[in-house]
1. List the extent of the Cα atoms of the range 73-187 along each of their three principal axes, largest first, rounded to whole Å.
2. Would you please give the residues with an amide H less than 5 Å from that of Leu167, counting only those at least 5 places away or on a separate chain, with H modeled from the backbone geometry?
3. If amide hydrogens are placed 1.01 Å from N in the peptide plane, which non-local residues have theirs closer than 5 Å to the one on Leu135?
4. If amide hydrogens are placed 1.01 Å from N in the peptide plane, which non-local residues have theirs closer than 5 Å to the one on Phe156?
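A short reminder: the numbers here are calculations on the coordinates, not readings from a lab. Here the structure is a predicted model, which is why all the values come from computation and not from measurement.
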Amino acid sequence: MAVSLKTGFCVPGSKEVGSNKERNSGFCLKSGFKGTQLVVSDQRVFADLGFKIPQKLGVYAQTSLCVSRAMRWWEKTLKPNIVEINSAQELVDSLLNAGDKLVIIDFYSPGCGGCRALHPKICQLAELNPTAIFLKVNYEELKSMCYSLNIHVLPFFRIYRGAEGRLCSFSCTNATIKKFKDALAKYGTERCSLGPAKGLEESEILKLVSNGEISIDFSSRSTTEAMMEDLILTNTNIFNPSSTEVFAGNAVFAV
């Protein structure tokens, strides 16, 4: 915690506090004081200047209190390959842009005791597997997205790789961390897959689109958006070739 005096004043006849020179009677408060001991001399200078000396001398100064926010538990000991996800679109893009890298999604909640206890172990495993990508999803911040992905228990994990898409999903705690380690050992070997990364399941993509969690701009066909468009056309419940609208579930898209 740092405390500083933003304003100060000097009484004539005083030297700077902390000066090596001999101090005259009086005192001086300098701007930028940060815990240095203040030396206030006797009050004879006030009498010399014709001031009435009060029984109790009070010093008033404007202060600013700077208190750094303590790191929250899910922000501690993070590694470079651990990424916090802030939206459904960011999750979709992260999976599709990961290529053949192993991707582990960690669903957690700030109020989950099991998530908090497991967090240091996950950070250790991320350090031991630097080529893997760990995506952290705050359940409380992205509850609607988690509902669309059928996440109902925490802590919960999903593992993805390239064109294979989701490899496995499971819940584990400190007591059952072996389940996590076994999954890393089984799927962690680097290998190439044919085709672009698959990412989320088609049904999950459609849910996110219909719920307004992600959007598609068909006027700019990036690889990701083209893949999504193909998913929608493939899973169309109603499609009228003469129309410019595609119906997928409860969502309507103009193409």
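1. Answer, in whole Å and largest first: 34, 31, 23 Å.
2. Ile159, Tyr160, Arg161
3. The list, which skips near neighbours in sequence, is Val83, Ile104, Ile105, Asp106.
4. Here Phe107 satisfy the definition.
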